[in-house]
Amino acid sequence: MADMAMTPASPARVCPAREDPVVGGASQLIGGPPGGHAAGPGRPGWLTPLRVLMAFVVIACMLGYAQKAGCRDTRNWAHEHQYSALCYSDVVALYSQEGLVDGKLPYLDYPTEYPPLIGAAMELVAVPAGLASSPQAVYRVENGQRVFDHYSMDRRSAVFYDLTALLFTVAACIAVACTALTAGSRRIWDAALFALAPALVLHLLTNWDILAVAFAAGGLLAWSRRAPRLAGVLIGLGILTKLYPLLFLLGLGLLCLRAGKMREWAKALLAAVLTVVVVLVPLWLTAGYFNQQNARVGDSIWTTFWHGGHWTSLLGGGPDSARNGLARFVDLNSDRGADWDSLAFGATWLAGRHDPAWFAPMHLLICLFTAIVVIAAAAALIAHRPDTRRLAVAGAVAAFATLAVGLPLILQGIRDHGLPVHTLNLITGATLVVAVIAIGLLTWLAPRRPRLPQVLFLLVVAFLLSNKVFSPQYTIWLLPLVALARPRWRLFLLWQLSEAWVLFTRFMHFIYNDTQGRRGIDRGWFVSAVALRDLILLVIAGFVVREILHPRADVVRAGRAPNDEERLSVDRPDAALDLTALDDPAGGVLDHAPDVRGGWRGRRTRSGAGQGASPAGPRLEPIEPGALFRPRNSAAAGPASPSGDEGSTDG
C-alpha cells in the first residue's frame, strides 16, 4: 500500500521541508512546514482578489448604513437633523410619502414617481416591514396623573430601512463582482475604485439607484462574455429601474457599427426591448388612474374590461383627465423644473444674482478665469504634442469665445425671460443630442476603436451634465464605468472629494432655507460646489477622450508595454490584432475584432503579417444562462500566462 501511494504526481505534493530534516527543523521557527492544504505556486489561496473586493464592498456598505442610521428613527426628522447629520435618505422619507406604510401598492393604489422595478423593490421590502410595530403613545405619571410623554419609535420605517440596506448590500456586491469580472483577472483590482468609493458610502442608501447599477454591471459582464441576449435582458431590467442604461445600447450600437457586429447588437437590442415590454404592458393594464392630487379616480384597464366597462376609453386617459399610474414617472420628469444639482439651476441663480451683461464684474471674472484655463491647457497640449499646435489654438479660441460671448447672452436671456419648463426641456434635449453626436463622431473617427467602457462613460457624463436633474446619488452610476474606462486613483479621489463637498453644501444650504438664513450657508457656496464637481467630471472626460485618441496613454491597453516603442505602437489601428495584449476586455465580440468601417481618414484595421490567428479569434457560441460564470475564451486572450484572463470566477 505504501508503494502504491507514491504515484508519479506525488512528488509535486511533497514539501521539501518534510524531506530534509535540517530544512524541516529550521521551519519550526515560522510555524513548521506547510500542510497539505497550504497555498503555494499553482495552488491559489482562499483570499482571492474577488473575495477581497467583496470584503471591501461589504465594509463600504456597512459604513453607508451607519452613516445614515441616525435617520432610520423618524422621530429624529426634526430641527433639520436629517441635514445637519448628513443622514437624509429617500428610503425612509418615501416609505410614508409613497403610502407604503399604509399598505398601498405602487402603481395600483398610488402613482409612484419611479420606474417599475423600484416600485417592486419598495413593495418587496414593505411587506415584511409592515409586520413591525407602529408608533405608540408613551405616558408618564406626574402628580398622580397620566401625562403624555412621547411616541415610541416607528419600527416599520426602521425595519424598512434595515431590509432595504440588506438588499442594497447584495446589489452592491453583485455590481462590484460583475465589474471585476468584466475587467478580467489581469485588471481585476481596477474594481477596487468602485468597492472603496466614498460616493458608495454616502449614497448607497440615498435612493434605489444601486439596483440599476447592478443590472447595468451585469449587462456589461454578459456582453463581455459574448452573451448579447443575456446582456440585453439585464440592460432592459436596468432601464426598468433607472433610465440611464438605455445609453448602453447606444454605445454598443456605435462600436458594433464600426466593427461590423450589428447582428450581435441587434440581439441585445431586441432582448432589451422585449424585456421592457414584458414588464411594462401588464403593469400598464393593471395600474389605476389618478388625478392631479394623486387620488385614485378610476379602475385599471384590466378591471374595467373584466367587469364589462368601456375600457377603450381608458387608453387615452381616465375620467377628469386622470392618468395611468405608470405615467407618473414620465409626467414628473417632463413637468419639473431645473433640479438643485443641475447646471441649469446654477445658471438661473447666477443670472439672477449677478449682472451678466458684457463688461459687468461677473463677465470680467469669467473672462479672466477662462483665459487662464484655456491658455494653460493649450500650452500643456502643445508642449506634449507640438503637432497639435493649430488644433490647440483653435480649441482655446473657441472655448474662450463660447464663455466670453455666448455665456453672457444665455444668462441675460434667463435674467430677462426666466427659464420656462418647455424651454428648459428643449435646451437640455438639444444639448444631449449634440453631445451624443460628438461622441459618435469620436467613436467613428478615432484612429483605433475606443473601448466600450470609455464610450459608455462619456455618454453617461454627457447625460448627467446636460440633464435638468442631477441628483446626488446619480454619481454611483459612474463608479463601475470609471473603474473600467480610466482606472487611475488620483483624479478619481479628487472627484470623490468634490462629491462629498457637494453633499455637504447641499444639506447646509437646505438648513439655510429652512431657518430663513439663521443657520447654514448661502446658495453661492452650493452652486460653486456643483460647478467644481462638474468641472472635474469634464476633466476626467477630457482625459478619456485623450486616451481614446492616443491609446498609449490608456493604462488598460498600454499599461504593460515594456518600452516606448511598443507603447507608441498601441496607437496603430491594427494594434487590436495583437492577441497577446489587452484590447477591450469588456468588449465581448468587439475585443480584438478588426474594424470594417470608420477610423481616421477611412483607415481600416487589417490583419498584419505574421498574425497566424484570425483577428477576432475563434467564434464562441456561449450557453447564455451560464455566460456570466464562464471564463473568457482563452484563444481570444492570447497565450496563457500566470495572470491571464482565463482564471476562475473568483478572480
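Annotation note: Cβ proximity below 6 Å between a residue of the stretch 411-439 that is without any contact (Cβ under 8 Å) to a residue 24 or more places away in the chain and a residue that is β-branched (Val, Ile, Thr) and surrounded by 12 or more Cβ atoms within 10 Å (Cβ to Cβ) (sequence gap 6+ or interchain) occurs for no pair. With the structure loaded, tell me whether Gly64 is part of a helix (DSSP H, G or I) and touching a strand residue (DSSP E or B) at 6+ places or on another chain (Cβ under 7 Å) or whether it fails that test. So Gly64 fails the test. Within the stretch 270-284, residues that are within 19 Å of Ala212 (Cβ to Cβ) reach partners that are hydroxyl-bearing (Ser, Thr, Tyr) and surrounded by 14 or more Cβ atoms within 10 Å (Cβ to Cβ) with beta carbons closer than 8 Å, at six or more positions or on different chains, in the pairs Leu283/Tyr107. Against the conditions (1) under 26 Å from the mean Cα position of the chain (by Cα); (2) without any contact (Cβ under 8 Å) to a residue 24 or more places away in the chain; (3) open to solvent by 60 Å² or more (accessible area, probe 1.4 Å), Asn143 satisfies every one except (1). Residues in the stretch 444-465 include none that are over 31 Å from the mean Cα position of the chain (by Cα) and open to solvent by 50 Å² or more (accessible area, probe 1.4 Å). Looking at Leu230, is it under 17 Å from Trp477 (Cβ atoms), touching a residue at least 40 places away in the same chain (Cβ under 8 Å), buried (at least 24 other Cβ atoms within 10 Å of the Cβ) and of a type in the set (A, V, I, L, M)? No. Confirm whether Arg18 is at pLDDT below 95, open to solvent by 70 Å² or more (accessible area, probe 1.4 Å) and in contact with a Pro (Cβ under 8 Å, 6 or more places away or on another chain). Yes; evaluated as a whole, the condition is true for this residue. Among residues of the stretch 111-134 that are assigned to a helix (DSSP H, G or I), those with a Cβ under 6 angstrom from a residue that is open to solvent by 40 Å² or more (accessible area, probe 1.4 Å) and aliphatic (A, V, I, L, M), sequence gap 6+ or separate chain, pair up as Pro116/Val279; Val125/Leu163; Ala129/Val159. In the stretch 147-157, which residues are open to solvent by 60 Å² or more (accessible area, probe 1.4 Å) and within 17 Å of Val127 (Cβ to Cβ)? Within the stretch 147-157, Arg155 is the sole residue that qualifies. The residues of the stretch 332-359 include none that are free of Cβ contacts under 8 Å to residues at least 40 places away in the same chain and open to solvent by less than 40 Å² (accessible area, probe 1.4 Å).
Conditions (1) open to solvent by 60 Å² or more (accessible area, probe 1.4 Å); (2) within 32 Å of the chain's Cα centre (by Cα), marked per residue:
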residue	(1), (2)
Pro361	yes, no
Leu364	yes, no
Phe369	yes, yes
Asp387	yes, no
Thr402	yes, yes
Pro408	no, no
Leu411	no, yes
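Could you count how many residues in the stretch 294-326 are open to solvent by 40 Å² or more (accessible area, probe 1.4 Å), assigned to a loop (DSSP other than H, G, I, E, B), touching a residue at least 12 places away in the same chain (Cβ under 8 Å) and at negative phi? Final tally of qualifying residues: 1. The single condition among (1) at negative phi; (2) at pLDDT below 90; (3) small (Gly, Ala, Ser); (4) touching a strand residue (DSSP E or B) at 6+ places or on another chain (Cβ under 6 Å) that Ala78 does not satisfy is (4). Helices (runs of 4 or more DSSP H) fully within the stretch 488-595 that include at least 2 residues being in contact (Cβ under 8 Å) with a residue 24 or more places away in the chain and more than 20 Å from the chain's Cα centre (by Cα): 489-514, 523-549, 555-558.
Run Phe160 past the list (1) free of Cβ contacts under 8 Å to residues at least 12 places away in the same chain; (2) buried (at least 22 other Cβ atoms within 10 Å of the Cβ) and report the number of the one that doesn't hold. Unmet condition: (1). Residues that are touching a His at 6+ places or on another chain (Cβ under 8 Å) and open to solvent by 20 Å² or more (accessible area, probe 1.4 Å) within the stretch 44-73 comprise just one, Gly70.
For the stretch 86-104, a tally of residues being open to solvent by less than 40 Å² (accessible area, probe 1.4 Å) and touching a helix residue (DSSP H, G or I) at 6+ places or on another chain (Cβ under 6 Å) returns 7.
The values are calculated or read from the model by the stated rules, or taken from the named source; none is laboratory data. Owing to the predicted nature of the structure, the values given are computational and were not obtained by experimental measurement. Ideal geometry is used to build each Cβ from the backbone, glycine not excepted, and the neighbour counts take in all protein chains shown. Note: accessible area is taken over every heavy atom of the protein model, side chains too, but ligands, DNA and RNA are not part of it. Shrake-Rupley method; radii C 1.70, N 1.55, O 1.52, S 1.80 Å.
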